[in-house]
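Please treat every number below as a calculation from the coordinates, not as lab data. These numbers come from a predicted model, not from an experiment. In this analysis, Cβ positions are derived from the backbone assuming ideal geometry, glycine residues included, and neighbour counts consider all displayed protein chains.
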Amino acid sequence: MSLTKSPAYTFEKDGVFYFSRRIPSELICHYSSPRIAYSLRTRVTRVAEARARKAADQLDEYWFHLRCQDRELPGKHMLRQGKPANRQLTPNETVVHESSIPLSEAVAIYLSLKGRDKPITFHRAAERACGYVIDVCGDKQLEVYTKGDANAFRDSLIERGLAGSSMTRVFGTVRSVVNFATSEQGLTLNNPFSGVYYDRDAGVSSRHPIPSEHLASVQAQCRRINDEPSRPDACLIP
């Protein structure tokens, strides 16, 4: 019997694909664990392969910068460690609280607490909606997401062809996850996924009532045929 090989940097558990990659020995000092592993939130091989490749590419890029920073620099021993206490933040810089967590972990907290005794559709909706965000904006700390990220997420949903009603459900799920995890972690932030504009009526067809003359025609046909309900023994042969 032939075994199907999992895509690079992945393994499968209970039908779900997980990303897994060992941290280079020279960079372990930057991490609390020698390996990065997390759920890719999909059971589809080609989706897992694409997400794992994207994550691996992002890590390669980040590790390149870490290696550059770790190279010996003249006078490096004289550099101040950490940020100066009174330094003002740049406009694009965000203070990240030590209790902040990435969106992927926020989903796990949300489902472990609010997902108890909920149907599988509840879990899949949260994983799918937040998975869309991570695919477009990355798995960032909750405090790092911006309104620009939310707008980019909206644009990606429109490109997918989602109707306004479907976008409303997706945004509602993402907002719930962020709000719940924010409360659980004791964070204070304005949810950037709230108040995002999009056409909620786009792609939504309105249902019109059946015209009364059509109903009258059907009723007239029923009276003309005057058929009796079939009896259980109608098909029995005497």
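If you look at just the Cα atoms of the range 1-69, how large are its Rg and its Dmax in Å?
Reported Rg and Dmax, both Å: 13.6, 49.
Between S212 and S165, how many nm apart are label points set 7 Å from Cα along the C-beta direction?
2.7 nm
Classify the range 99-203 from the C-alpha gyration tensor, please: rounded if a/c falls under 1.5, else prolate or oblate depending on whether a/b exceeds b/c.
Oblate is the answer for the range 99-203, as a/c is 1.5 or above yet b/c matches or exceeds a/b.
What's the FRET efficiency of Y38 with E61 using the Cβ-Cβ distance as r and R₀ = 22 Å, to the nearest 0.05?
That pair, Y38 with E61, gives E of 0.75.
For a protection proxy built on the mean count of beta-carbon atoms within 10 angstrom, sort 136-145, 186-195, 209-218, 44-53 highest first, please.
Averaged packing, sorted descending, gives the order 136-145, 44-53, 186-195, 209-218.
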